[in-house]
Amino acid sequence: MGGHLRIDGVLLIYLHQEPDVDNLKAELAVIEQWLKHWQAGDPDVDGATPNQAARPAHAALVRASQHPSTNTPEEDDHITLAICSEDGWKKDPSESRALVHIYSRNQKPKDGYEGYQLHGVKKNVFSSPKLKDAITEALASKLPQATS
């Protein structure tokens, strides 16, 4: 269950069962496009700029693959990532300083990247034993490099 790979030098960790190969390829292409915008400091769909404490991204936990919002029914389906800078990732325990929702065109990753929304900038420390175990398990399983 879960696994990891690198996209443009950023460690991407799926904490859950990754999508089937075709959907994984589509999701990774969307994440790769988002990553270019994040690393460049481009604003989100609301005009908010990336949290500087989470830039440049060094690691990202895929908290959820493409899914409908559980909190905001009118929000488009999205991929949820927790973003770690190099300093945040190297801490023990690791921590993220940004949570983002990544949107795809027509709410379908196969249609490409649409935009992102910065959903939180509070420090999120990965200290729970369950989360630490999930990260360790994902780091033990390499996912295929499935981007274009």
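Would you point out which residue out of Ala26, Ala60, Ala53 is assigned to a strand (DSSP E or B), among the small types (Gly, Ala, Ser) and either within 16 Å of the chain's Cα centre (by Cα) or modelled with pLDDT of 95 or more (or both)?
Ala60
Quick check, is Pro43 at pLDDT 95 or above, more than 17 Å from Arg105 (Cβ to Cβ), surrounded by fewer than 20 Cβ atoms within 10 Å (Cβ to Cβ) and not aromatic (Phe, Trp, Tyr)?
It is true that Pro43 is at pLDDT 95 or above, more than 17 Å from Arg105 (Cβ to Cβ), surrounded by fewer than 20 Cβ atoms within 10 Å (Cβ to Cβ) and not aromatic (Phe, Trp, Tyr).
Would you say Lys130 is among the charged types (D, E, K, R), exposed (fewer than 13 other Cβ atoms within 10 Å of the Cβ) and at pLDDT below 95?
yes
Every residue in region 79-123 that is assigned to a loop (DSSP other than H, G, I, E, B) and in contact with a Gly (Cβ under 7 Å, 6 or more places away or on another chain), please.
Across region 79-123, the qualifying residues are Ser94, Arg97.
Specify which of the listed residues (Thr136, Thr72) is part of a loop (DSSP other than H, G, I, E, B) and without any contact (Cβ under 8 Å) to a residue 12 or more places away in the chain.
On inspection, the qualifying residue turns out to be Thr72.
Results for (1) modelled with pLDDT under 90; (2) not acidic (Asp, Glu), shown as yes or no for each residue.
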| residue | (1), (2) |
| --- | --- |
| Gln66 | yes, yes |
| Asn71 | yes, yes |
| Asp76 | yes, no |
| Cys84 | no, yes |
| Lys90 | no, yes |
| Lys110 | no, yes |
| Glu114 | no, no |
| Leu118 | no, yes |
| Asn124 | no, yes |
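Consider region 23-44. How many of its residues are acidic (Asp, Glu), touching a residue at least 12 places away in the same chain (Cβ under 8 Å) and farther than 15 Å from Ala60 by Cβ?
Looking only at that region, the number is 1.
Identify the residue in region 1-23 that is among the charged types (D, E, K, R), surrounded by fewer than 19 Cβ atoms within 10 Å (Cβ to Cβ) and part of a loop (DSSP other than H, G, I, E, B) and, among all such residues, is modelled with the lowest pLDDT.
Asp20
The values are calculated or read from the model by the stated rules, or taken from the named source; none is laboratory data. Note that the structure is predicted; figures quoted are calculated from it, not measured. Quick reminder, even Gly has a Cβ in these numbers, built from the backbone with ideal geometry, and neighbours come from all protein chains shown.
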